[in-house]
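The values are calculated or read from the model by the stated rules, or taken from the named source; none is laboratory data. Remember, predicted model here, so these are calculated numbers, not experimental data. Neighbour counts run over all protein chains shown; Cβ positions are idealised from the backbone, glycine included.
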Amino acid sequence: MTFEWTAEYTVLVLIFAMTTAIALALLSLVREQEDDGLSPEPARRAFGALTPGLAGMIPVTAGVRQRIQLDLYMAGHYQPAAFDNFQATRNLLTLIPLFGGLALSLLGPDEYFFWFAGSALAAAALGYALPRVLLTAEAKQRADRLREGLPILMDTVALCLSSGGGILDSLSRSGRAIRRGYPDLSQEVRVVERQAELRSLGHALDQWKARIPLPELASFVFLLSQGERLGADITRGLWELATSYRINGRQHAEAAANRLSFHMLFPTVLCLLPAVAIILVGPSAIEAVREGQKVRDSIREAEERSKEAAKEFLEAQDRVNKGGNLLKPAPPPPPNPEL
């Protein structure tokens, strides 16, 4: 019995290869998700050795630097070079359009000088403001995700404490347990765990509260600090606080839903207004256009008749001046075919 390679075997081999590739890809994805997200190596600078120089081209005050650093922490950028990378990118987006537009305004035609200069200033302002706006939006979104996962973390920590675990061990286990659902909060817990290993849990909790200035997180950190310093049982407090946060989250969601119905009123009106205007004003507008066309046609016909009358008058006057009759001679009668 000889083996014959047919199209069915080819399809089976392709299906097996695709299934294996998909399985390996999913396995690698799961392994990436199980990583704590904290690289032991510092992040590279965005522009290499030029990054500090580019970051210092536009100086900032200490207050502005602190606010940007807090937003970077809130957005999850803990790398030592995060601030320099942000400032270098922001300065490049500001200075390149500015100097490029000014060069074009000086080298280009004189009539386009103000247009190039204005465009350069507008592009520079946009390049300076856009990175800050994007960073603020990213920090706000991550803060919402952290706030959403805090009740789950509190419940998990309370369960671990009720089973006899310590505060740091319970916090570490809870952070690993919520890694799939709330990776940002799990990353924060991992940072606290590493800082506690280096110094103490109290110092790590104080740094966490200063790094992420959320009222909900401050209350959670206060309970953990009290339990760590006084050795008190904070299980019931964590459960009550988690329940309170859930109720607040539900109320915020209901308020957002109510506001959404009001905000949807404006696009609804703006979308319906053109259709209503077409239905109500459309026939009248079409009739007005038709009447206007009729009036214009009448005026055009009157002008043509007046031009013909003036032409006939001039021809008659020419005949009088030449000694002819005032009236135009009648055209000869058509020939009679019967004669």
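Regarding the range 248-263, can at least one residue be identified that is more than 28 Å from the chain's Cα centre (by Cα), of a type in the set (A, V, I, L, M, F, W, C) and surrounded by 10 or more Cβ atoms within 10 Å (Cβ to Cβ)?
no
Every residue in the range 220-234 that is buried (at least 17 other Cβ atoms within 10 Å of the Cβ) and either among the small types (Gly, Ala, Ser) or part of a helix (DSSP H, G or I) (or both), please.
Of everything in the range 220-234, those that are buried (at least 17 other Cβ atoms within 10 Å of the Cβ) and either among the small types (Gly, Ala, Ser) or part of a helix (DSSP H, G or I) (or both) turn out to be 220, 221, 223, 224, 225, 227, 228.
Can you tell me which of 260, 238, 265, 272 is among the hydrophobic types (A, V, I, L, M, F, W, C) and either assigned by the TED database to the domain that holds residue 219 or touching a residue at least 12 places away in the same chain (Cβ under 8 Å) (or both)?
The unique qualifying residue is 238.
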